[in-house]
Amino acid sequence: MIKRLLITMLLIGLAPHASAESWTMEQMLQKVINHYPSLKIASMQVEKASKESIRIDSQFGWQLSGESGISHQTSMTGSAVNQIMVGAGAARKLNSGDMLTLSGSLSRDNITDSYGQPVQIDPITNFSLMAEYRRSLRKGAENIDYKLATTQAESGKKMAHAQERGQYDQIASQVLALYLQAVTIHKQIDNVKASVKHTKRLEKFVKSRLGLGISENKDELQVTAQLNGLNAKLKGLNLLWIQQEITFNRLMGLPWNNKIQIDLSNSSQVHNDELQILIDEAIQHSPELTVIAAELALANSMIKSKSNNRKDTLDLVGFVGNRLAAGDTAIGSTTISEPQIGIRIEYKKSLDHSGYDAELSQAYLDRSIALQKREDTKEQLHYQIASLLAEIRGSKAAHDAAQLSVKSEQAKLTEAEQRYKRGRIEIDRLIQFESQLTESKLALALQQVELERRQYQLTLLRGAIWNKIEQPQYNWSDLSGADLLKSKTK
């Protein structure tokens, strides 16, 4: 008995009531996306992808190099050379793909004979400075590798954005399903409550006639049984609503026992029923098509890159510099300056192109796959939207028919109540008519929910659902690895 009382108190305390905060679907979706943790991860992925273009552009900066060393070399004649050398260089790849290289070196040679005595017959100080400019005439011309890397970075960024948008759509679809399920439960609760109210009125009427000897005990028993059944159904629906309410609170990051009231007054409507316009909007929004477009751009870039790899290497290299040698000899100090300027052609040819051909064939297949996926996705969107429009028109017709049914059942029940008051109809027939009216009202309410479901699905497919939603903005640009770890532990 105590256990039953506690359950009853729980149901009464947690059932939806007038003081609960009212939520539209848009408000609920806004609250969910502001709280949903996985959206932060998707935003980080977008930020990570945006950094790739910076990494690629960094290759055009100057690359510095340096070297130094000490060596000891012994010749076949027994003389030895002790050398101290310092060198430095700088190289930069230009946007055109050409390469500019600057290099310089300074060395000092100390030559000794087989007895370890210095021999001053050769210059002991060497200094050289060289500038070289390399241009690719065939393989690597027009900086194909850089263009491929840029396309890969841009495609990666677009894919990350599309995946983020896809997560938003997935969350919206989940919230929409839960929201309309909650609306259905509320409609059922309201319907049962209305039936309970009507049955209690009928019970009061039967009891008043029972005292006058007009009604029979069986009438009271039938009404009581009807009322008990409705109360049991109402408790079951209240329990379903408790579960639904807890689910909503979890998604929105609210306390588990926070009260929620569903508001369907501000639902989405389709203002333009032109099929092609709706299809164009869906194509523009589709995350899947955005990913496919990025894959197609990447495949086209890969085709150019792999075609370039099949070419022979033909580089034109121009260079200018000077080599200076100075030292003491038997006839005195001497300095030799040797200017260097010239141009040369470098050529390489691969005799086996099978690997390049296989890679090129794979790139063409990737492009064909992307084109086929694009056509399939567009066709799927076409049929989805056409189907939803047809279902919306059918739902409107079913809704109108349900309204007529409610009017007919109401008129039938009103007439039956008048006949029961005159003793011309049994109570069971009256209860039957009341049940039929209740079912027709519930059918009308559910038809309204189904119409709203299809309207929202079409709105989501077109991306128009986000017109009323402010998407959260995250800034990860200045976040270091340590900061990321801190934010995760908070």
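General observations
- Of Lys193/Lys396; Lys158/Lys378; Lys204/Lys421; Lys218/Lys421; Lys235/Lys407; Lys51/Lys139, those spanning more than 22 Å from alpha-carbon to alpha-carbon: Lys193/Lys396; Lys235/Lys407; Lys51/Lys139
- Between Lys304 and Arg108, full extension at 0.36 nm per residue minus the direct alpha carbon distance yields a gain of 65.6 nm.
- Annotation: amide H of Trp23 within the under-5 Å range of Gln261, Ile262, Asp263, sequence separation 5 or more or interchain, hydrogens built in the peptide plane.
- Residue order, fewest to most beta carbons within 10 Å, for Ser105, Ser440, Ser307: Ser307, Ser105, Ser440
- Couplings for segment 298-313, taken from phi via the Karplus curve 6.51 cos²θ - 1.76 cosθ + 1.60 with θ = phi - 60°, read 5, 5, 4, 5, 5, 4, 5, 5, 5, 5, 5, 5, 6, 6, 6, 7 Hz in order; Gly and Pro are left as x.
- Charged-residue dipole, Cβ positions (Lys, Arg, Asp, Glu), segment 369-424 about Cα centre, Debye nearest 20: 460 debye
- Cut-off under 5 Å, modelled amide H: who pairs with Arg138 long-range: Leu314
- Each residue in Leu64, Leu178 was given a count of other beta-carbon atoms within 10 angstrom of its own, and listing them fewest first yields Leu64, Leu178.
- Cβ crowding within 10 Å ranks Arg323, Arg165 as Arg323, Arg165, fewest other Cβ atoms first.
- Residue-wise HN-Hα coupling along segment 425-438, computed from phi with Karplus coefficients 6.51, -1.76, 1.60 (Hz; x: Gly, Pro): 8, 7, 5, 5, 5, 5, 5, 4, 5, 5, 5, 5, 5, 4
- Computed from phi, the 3J(HN,Hα) profile of segment 335-347 under the Karplus parametrisation 6.51, -1.76, 1.60 (θ = phi - 60°) reads 10, 10, 10, 10, x, 10, 8, x, 9, 8, 10, 10, 9 Hz, with x in place of Gly and Pro.
- Alpha-carbon Rg with Dmax, taken over segment 272-377, Å: 29.0, 102
- Extension gain for the segment Asp263 to Phe60, taken as residue separation times 0.36 nm less the Cα-Cα distance, is 67.3 nm to one decimal.
- A simple count of charges around Lys48, restricted to other residues whose Cβ falls under 13 Å of its Cβ and scoring Lys, Arg +1 and Asp, Glu -1, yields +1.
- The calculated pair-distance distribution of segment 18-71 uses every alpha carbon pair, bins of 10 angstrom beginning at 0, and gives 16, 21, 18, 16, 12, 8, 5, 3, 1, 0 percent.
- Charged neighbours of Arg424, selected by a Cβ distance under 12 Å, balance to +1 (K, R count +1; D, E count -1).
A short reminder: the numbers here are calculations on the coordinates, not readings from a lab. Computed from a predicted model, the values in this text were never measured in an experiment. Counting neighbours? That spans all protein chains shown, and the Cβs are built from the backbone with ideal geometry, glycine included.
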